[in-house]
Amino acid sequence: MKQAFIAELLKIRHAKIVWVTFIAFSLAPIMGGVFMLILNDPVAIENAGALSAKAQMMNFSANWNSYLEILTQAVAVGGVLIFGFVASWIFGREYSDDTAKDLLALPTSRIKILNAKYSLYVIWCFVLTVSNLVVGALIGLLLQLPAPTTDLITAHATNYFLTTVLTVIIGTPVAFMAIWSKGYLGPLGFVALALVFSQIIAATGFGYYFPWSVPGLFSGAGGEYKEQLDTYSYLILILTSVLGYIATVSYWRYADQEK
Amino acid sequence: MEIIKTESLSKFYGVTPASDNISIHVNEGEIYGFIGLNGAGKTTLIRMLLGMIKPDEGELSLFGKKMNPRFNLWNNVGYLVETPNSYPNLSVVENLKVYYHLRQLNDLSLLESIIQDLKLVKYKNVKAKHLSLGNKQRLGLAKALMHRPQLLILDEPINGLDPEGIVEVRELLKKLARNGSTIFLSSHILGEVSKIANRIGIIRNGKLIKELTNQELSEQLIKKVVVQTTDNTAAIKYLSSNNYAAVINDENEIELNEKKAILQPENLSRILTEAGFPPKQLYLFTEDLEMYFLRNIR
């Protein structure tokens, strides 16, 4: 699979989409920084209107605890969108560029090529989350937020990366949509729908059994709804992810490839 | 050795047959030209040969090995299917490197050598999206040929090439066949197929309606002697009296399709001259593959 992975790395050379995802994803720590800035300044709170009201309503304060909460929630909600975008591109581009047919009769098996794509997807998403953490740390230092305790950092880092894992693994059905619909549009539409439904279902109080709501609830974006998450919530999410992977591999390996 | 073997291969889309009971045997070192109108089923057959589409009926094997998801002789096969697209933001050499890795090759000189063979040296660092149609085709061929496969399956390999490129590719394919490679190519540029192929298959509505060797093709092509004199009506009467079966065609020329006229047109010229009907024009007409093809599919 190493050769297939090197090929995948070659393919993202010069791809503007890589930078687009990093810029889009970094909006979260920047917006979080704006929240912190406003909350840190009584005059700004009065002038910022809706933004400060929102920040206060969410019980945020100008400290590392709130800031790291914002970053974690951004991974859960923004991640469904951005990671879905990454999966759509990695798997859908072969059809948009009309290069899929050149991957189907090679000594590197189709499954290895898919696994290389999944590996790239996972690494790309993790680098995105790490970069957000770095950007967030720089902004936090710049804003001179009160120094956090080691326990606080450990607790938030664990939460942050577990949220990342949950958000990343729910991307496999998006990959399947890309190769099934043969392009970007299908998976992007799927991501948009998943995101909308995750919000609606979470708001109705049943998000704990909807896989795309689980990362958001886990991150704390749903407040007290996090308590509703149980073993079944995670099992459903893992099952959805495994089914997405199996569907991708089976379709790529056994279905007629006419494009 | 039979490199490609299909037995009663069929593929249906609903009730429409894309391939209907096709049996083809292609031997080692052979160049097999596969011709048919658009939608005749050429690409479907090529995709079946490459394991991209599963046949509904029939058997298919490459190098004597049955085609199935476990088939693993893909480094013996190079292919080009339909439009040769590449990763648009990668240069020629980067595109080739992608397939170099996917083909698990370990001789970097293969890259340089194929770039030279296909006259892509000048463009090696140019992004694929900036290449002309002809150079995109060359890049597609480079991907197919880079690993020096024993079998080449090429769908419209000379599409978009300029006349010089067509000659180069023709010579390259002939050279590969001389060195033992087997080539299966489809094209709608029939003249080109006739120049390259040892054997030709004609497909229509998914059915293989004719299969013949170059020799058989040559025998089946219509040949005739066409003559133009100052008085064609009198000349044709004179030829009939000398046991030549001649007719006047739509262009008011004399046509003779007898063997003796075709084999010895100089005799015909002499007889007409001696009788006072010196030919203003006399030539041997041979039907080309295009005409033969159209005559057979109508």
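A few remarks follow.
- So A:Ala105, is it under 15 Å from A:Met31 (Cβ atoms), surrounded by 20 or more Cβ atoms within 10 Å (Cβ to Cβ) and without any contact (Cβ under 8 Å) to a residue 60 or more places away in the chain: no
- With respect to being without any contact (Cβ under 8 Å) to a residue 12 or more places away in the chain and away from chain A (no Cβ under 12 Å), B:Asp162 falls outside the description.
- Beta carbons closer than 9 Å, at least 6 apart along the sequence or on distinct chains, never pair a first residue in segment A:6-20 that is facing chain B (nearest Cβ under 7 Å) with a second that is open to solvent by 80 Å² or more (accessible area, probe 1.4 Å) and not in a loop (DSSP other than H, G, I, E, B).
- Qualifying residue in segment A:133-142 (condition: on the phi > 0 side of the Ramachandran plot, open to solvent by 10 Å² or more (accessible area, probe 1.4 Å) and not charged (D, E, K, R)): no
- Residues (among the aliphatic types (A, V, I, L, M) and either loosely packed, with under 15 Cβ neighbours inside 10 Å or closer than 30 Å to B:Glu7 by Cβ (or both)) located in segment B:56-108: B:Leu60, B:Leu62, B:Met67, B:Leu73, B:Val77, B:Leu80, B:Val81, B:Leu108
This table checks each residue for (1) under 30 Å from A:Lys16 (Cα atoms); (2) touching a Leu at 6+ places or on another chain (Cβ under 6 Å).
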| site | (1), (2) |
| --- | --- |
| B:Pro17 | no, no |
| B:Glu30 | no, no |
| B:Met52 | no, yes |
| B:Gly58 | no, yes |
| B:Glu82 | yes, no |
| B:Val92 | yes, yes |
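- Evaluating A:Val165 against the criteria (1) in a helix (DSSP H, G or I); (2) open to solvent by 40 Å² or more (accessible area, probe 1.4 Å); (3) of a type outside the set (Phe, Trp, Tyr); (4) at pLDDT below 95 leaves one unmet condition, (4).
- Residues satisfying the stated conditions in segment B:23-71, i.e. facing chain A (nearest Cβ under 10 Å), over 19 Å from B:Ile183 (Cβ atoms) and not in a loop (DSSP other than H, G, I, E, B): B:Thr44
- B:Pro149 satisfies every condition listed in (1) modelled with pLDDT of 85 or more; (2) part of a helix (DSSP H, G or I) except (2).
- Boolean, B:Leu111 is under 22 Å from the mean Cα position of the chain (by Cα), part of a helix (DSSP H, G or I), touching a residue at least 24 places away in the same chain (Cβ under 8 Å) and within 14 Å of chain A (Cβ to nearest Cβ): no
- Any chance B:Ser91 is more than 24 Å from B:Ile196 (Cβ to Cβ) and among the small types (Gly, Ala, Ser): yes
- A:Ala194 buried (at least 18 other Cβ atoms within 10 Å of the Cβ), in contact (Cβ under 8 Å) with a residue 60 or more places away in the chain and not hydroxyl-bearing (Ser, Thr, Tyr): yes
- Entry remark, segment A:82-101: residues being acidic (Asp, Glu) and more than 7 Å from chain B (Cβ to nearest Cβ) number 1 in total.
Conditions (1) at pLDDT below 90; (2) of a type in the set (D, E, K, R); (3) crowded, with 23+ Cβ neighbours inside 10 Å; (4) touching an Asp or Glu at 6+ places or on another chain (Cβ under 9 Å), marked per residue:
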| position | (1), (2), (3), (4) |
| --- | --- |
| A:Leu9 | no, no, no, no |
| A:Ile17 | no, no, no, no |
| A:Ala24 | no, no, no, no |
| A:Ala50 | yes, no, no, no |
| A:Trp64 | yes, no, no, no |
| A:Val86 | no, no, yes, no |
| A:Glu94 | no, yes, yes, yes |
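- Qualifying residue in segment B:175-183 (condition: assigned to a strand (DSSP E or B) and either within 15 Å of the chain's Cα centre (by Cα) or among the hydroxyl-bearing types (Ser, Thr, Tyr) (or both)): yes
- Qualifying position, being in the same structural domain as B:Gln104 (by TED's automatic domain parsing), closer than 21 Å to B:Leu73 by Cβ and in a helix (DSSP H, G or I), among B:Lys136, B:Lys129, B:Lys122, B:Lys143: B:Lys143
- Residue check for A:Tyr208: surrounded by fewer than 20 Cβ atoms within 10 Å (Cβ to Cβ) and either of a type in the set (Phe, Trp, Tyr) or in contact with a strand residue (DSSP E or B) (Cβ under 7 Å, 6 or more places away or on another chain) (or both): no
- Some residue of segment B:90-105 being of a type in the set (Ser, Thr, Tyr) and under 23 Å from B:Lys210 (Cβ atoms): no
- Residue pairs whose Cβ atoms lie under 6 Å apart, sitting 6 or more positions apart in sequence or on different chains, and linking a residue in segment B:1-16 that is within 14 Å of B:Thr44 (Cα to Cα) to a partner that is of a type in the set (A, V, I, L, M), are B:Thr6/B:Ile22; B:Thr6/B:Ile24; B:Thr6/B:Leu60; B:Leu9/B:Ile22; B:Leu9/B:Leu60; B:Lys11/B:Ala18.
- Any hit, segment B:90-97, residues being free of Cβ contacts under 8 Å to residues at least 12 places away in the same chain and assigned to a strand (DSSP E or B): no
The values are calculated or read from the model by the stated rules, or taken from the named source; none is laboratory data. None of the values given here were measured: they were computed from a predicted structure. Because the Cβ atoms are built from the backbone with ideal geometry, glycine has one as well, and the counts that use them run over all protein chains shown. Side chains are part of the model used for accessible areas, which takes the heavy atoms of the whole protein and leaves out ligands, DNA and RNA. Shrake-Rupley method; radii C 1.70, N 1.55, O 1.52, S 1.80 Å.
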